[in-house]
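What follows draws every value from the coordinates through simple rules; no lab data is involved. Since the structure is predicted, the reported quantities are computational estimates derived from the model, not experimental observations. Here Cβ is always computed from backbone atoms with ideal geometry, including for glycine, and neighbour counts include all displayed protein chains.
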Amino acid sequence: MTERLVLIFAYHYPPENEIGGARPARFAKYLSRFGYTCRVFTAAEQPVYGDPSIQFVPDPFLTRSRKDVSWQLERAVRRLFFPGEMGLRWSYRAAEAACKYISNHPAAQVTILSTFPPLGAHLAGWQLARPSGLSWLADCRDPIADEFADGCHTPSQRRLYRWMERAVARNADAVIANTDAAQARWQERFPSFRDKFHVIWNGFDPEERVPPLPVESSQYKVLSHVGELYHGRNATPILESIARLISAKQLPKDGVRVRLIGPAQTECLPSPEFRERAKPEGWLDLMTERIPKIEARQIAQTSNALLLLQAGSADQVPAKLFEYLQIGRPILAFLQPDSSTERILERCGVPYRCVYPGSAPEVADRIVANFFDLPASAVAPSPWFEEQFNAECQTRILDSIIRLVQNDEPSPKLTTPIPRAEVRAKRPLVTGSTGAQPYRPNEERQKLA
């Protein structure tokens, strides 16, 4: 029987405390159970006696001297062309390590899976796939050419990101988006490759559930956000609303605690003057330090309510949403109307309220005040949530995509369709692949060559 080998390029990976490592780790776990041999190449340092299927490839940008010419070159590229992108030189080392590994498995059927961000993971997948003709799946947890981030980029940088997006669309045998809206965006931009684009949502591992724990205190309600604030995740409108409600005595200042735990960009927080006013009142707890994952999760599990911030994108869904829904306590969301996140909240049965960007202060205050009236008891999410976002079910979709690009017949056992959501006007919430005719990667690659 032919060995089915999946090479995973994941710059972030457990035990590193980065949310971007959770998705590839779930894929590797369940693909292994489906009969694949998985080999992970990551820049996240691993324990000495860790999993032998995970290979730590150090990032030379982090380990080499700053006096090194190659270090200075990557620094210039990161500043001038791809701002803040990690793993540019690491991609070469990761691809090289994968080549050596493949040489020991000459008869294996090899599939490459790279997960973005950062860009280095896709660069590694591209470098390995292009000369070898191996099948490459590009998993995109965020948009490559991000329209929201365009305000931070120069025109030349925006052109480079659009070029990179086109390169991925042309050269990858399949592109996996993490929301239906992101999949539709890929198909609109590259209609000639529309059969390549699939969707696998973020989700949760059914064997590592995040249950609610007893709340910290019955004397006050704790509203928590644990995680980095960046890129449109702006807490200011919600905090300003709470401050107005406390000032108007519609919320007791000793009955509310808002906790923001994690690194935060300056533009995602209220002004220093606001924070100084809130500090003596005792309702705002701001800790801009990164804490261990287990501590962060426990804060969320013991909170009366949870804060979700995703106003910068209607297409993307923050990974913490799936932890929040497992905990089951009320969610206050600051996001765009009819976003992918809101449509998930509508279906999951957990109490929530939404504040939209641009809402008048009196409208936002009314919604926030109503939110704090909700009971803090935990509510189990709906069966639909369990069916749609269970990592084992999602990996079955990945298995079917791998078989598609390898021109294998899908296994009925591994590709049982997940029940779809009900169709909603304009944007249906759809999970799974496109269902289009099989895309033949080798034929298309020859045409482009």
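Taking 7 Å along the Cα-to-C-beta vector as the label spot, tell me the Lys249-Gln406 distance in nanometres, rounded to one decimal.
Going by the 7 Å Cα→Cβ label model, 7.0 nm.
Report the residue, chosen from Ala360, Ala108, Ala243, that carries the largest GNM mean-square fluctuation when the chain is represented by alpha-carbon nodes joined by springs under 10 Å.
Looking only at Ala360, Ala108, Ala243, the largest GNM fluctuation is found for Ala360.
Can you give the relative contact order of the range 221-384 as a percent, counting alpha carbon pairs under 8 Å and 6+ residues apart?
Across the range 221-384, relative contact order equals 24 percent.
Taking the 0 to 90 degree range and rounding to the nearest ten, how far is the long axis of helix 88-103 tilted relative to the main principal axis of the chain, both from C-alpha atoms?
It works out to around 50 degrees.
In degrees, nearest 10, range 0 to 90: what is the angle between the Cα axis of helix 119-132 and the longest Cα principal axis of the chain?
Between helix and principal axis, roughly 20 degrees.
What number, in percent, do you get for the relative contact order of the range 33-120 if the mean sequence gap of Cα pairs under 8 Å and at least 6 apart is divided by its residue count?
25 percent
Report the extension gain between Ser70 and Glu276 in nm, rounded to one decimal, defined as 0.36 nm multiplied by the number of residues separating them, less their alpha carbon distance.
69.7 nm
How would you rank Thr236, Thr179, going from fewest to most other Cβ atoms within 10 Å of each one's own Cβ?
In order of increasing Cβ crowding within 10 Å: Thr236, Thr179.
Output the antiparallel fraction of DSSP beta bridges having both residues in the chain, as a percent to the nearest 5.
Given both bridge residues lie in the chain, the antiparallel proportion sits at roughly 0 percent.
Cut-off is 10 Å between beta-carbons; in what order do Ser91, Ser192, Ser377 appear when sorted fewest neighbours first?
Ser192, Ser377, Ser91
Normalising by the residue count of the chain, find the relative contact order in percent from Cα pairs under 8 Å and 6+ residues apart.
After rounding, I find 13 percent.
Which residues does the label zone of Leu62 cover in the range 86-130, counting backbone N under 19 Å from a point 7 Å along Cα→Cβ?
Flagged as within label range: 86-98, 114-125.
How high is the FRET efficiency between Val48 and Gln265 when r is their beta carbon distance and R₀ equals 51 Å, given to the nearest 0.05?
According to the calculation, E is roughly 0.90.
Quick check on the chain: helices-only [θ] at 222 nm, where DSSP H runs of length 4 and up contribute -39,500 (n - 2.57) each and the sum goes over total residues. Nearest 500, please.
Roughly -12000 deg cm²/dmol at 222 nm, from the helical runs in the chain.
Within a 10 angstrom radius of the beta carbon, how do Lys320, Lys29, Lys67, Lys253 rank from fewest other beta carbons to most?
Lys67, Lys29, Lys253, Lys320
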